[in-house]
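A quick write-up on the structure given underneath.
The values are calculated or read from the model by the stated rules, or taken from the named source; none is laboratory data. Source: prediction; values computed, not measured. Quick reminder, even Gly has a Cβ in these numbers, built from the backbone with ideal geometry, and neighbours come from all protein chains shown.
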Amino acid sequence: MHNDQLARIVEALSREPEEDYTLQQVVTEAVKNIPGCTMCSVFLRRGSSVEIAASTDPTAKRVDELQFEMDQGPCLSVLSEQEIALVRDTQNEPRWPLWAGSASELGLRSSLSVRPDYSAPRLASLNMYSDSVDGFARDAIDRAPVYARPASVSLGLAREITGLRSALQNRLVIGAAQGILMERYGLSLNRAFEVLRRRSNETNTKLYEVAQTVLDGGDVPAAS
C-alpha cells in the first residue's frame, strides 16, 4: 500500500469526525482497498458486550450474527486471542465448523479478520469477507494490518470527539434543568444542582437523565 493511497484513506476516514460515520467509512474503504474483499464489517466491544458496529452488506451482517449465535468464528477469535485470523475455505474449516458451514451456505467462501489497535487491546475486529475460495492472497494479508492502523487512529479520534460532544450536550441539559428549577422553586444555582444530584443518587439514575426529565416537563420531588 503506497503512501499516497494511505493518505487518501486517512482523508476519507477523517472527513466527518463522528464515530458512527467513521465506522461505516472504515468498512467501505476496506472493500475498496483490500484485494479480494467483497464485503466487510467491524465488531466493537462496548463494556462487557460486543456488537456489529458497521457493515457493507446484509450478508456480512448475517455471517456476523451467526458467530454470536454459535459462539464461534474468526472474528470472535480475533477479539479474544488472535491478532489475525484467515479462513481460506469455509467448506473446509475445522476450527469453527458450525459457523463455517452456515457461512458457506450464505455464499461466503473465505474471510480475513484483523484486530486494529483501537484504544485498547481486543476492543475491535475488522472482518473482511470474500465470495471466492482463498480470496485473500499474500498481498491482501499484508495490506490488512497496514490499513487497520490509520483506521484505528481515525476511530480513536472520532470516539474522542463523539464523547466530548456527548459530554457537552449533557452539561447543557443539566444547566437548562437547573435554570428551570431555579425559576420554579426560587433556588440558587448550587441548590438546583444539589437537588438534581440527590435525585440522581436516590433513583440510581444518571444525572443528565434526571435533568432531561425536568426539561420534558417532569418534576423532581426533592425540589418541593
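Conditions (1) touching a Gly at 6+ places or on another chain (Cβ under 9 Å); (2) at pLDDT 90 or above; (3) aliphatic (A, V, I, L, M), marked per residue:
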| residue | (1), (2), (3) |
| --- | --- |
| Q24 | no, no, no |
| C40 | no, yes, no |
| G47 | no, no, no |
| L86 | no, yes, yes |
| N92 | no, yes, no |
> Hey, does the range 156-166 have a residue that's at pLDDT 85 or above, assigned to a helix (DSSP H, G or I) and either surrounded by fewer than 20 Cβ atoms within 10 Å (Cβ to Cβ) or among the acidic types (D, E) (or both)?
Replying inline: no
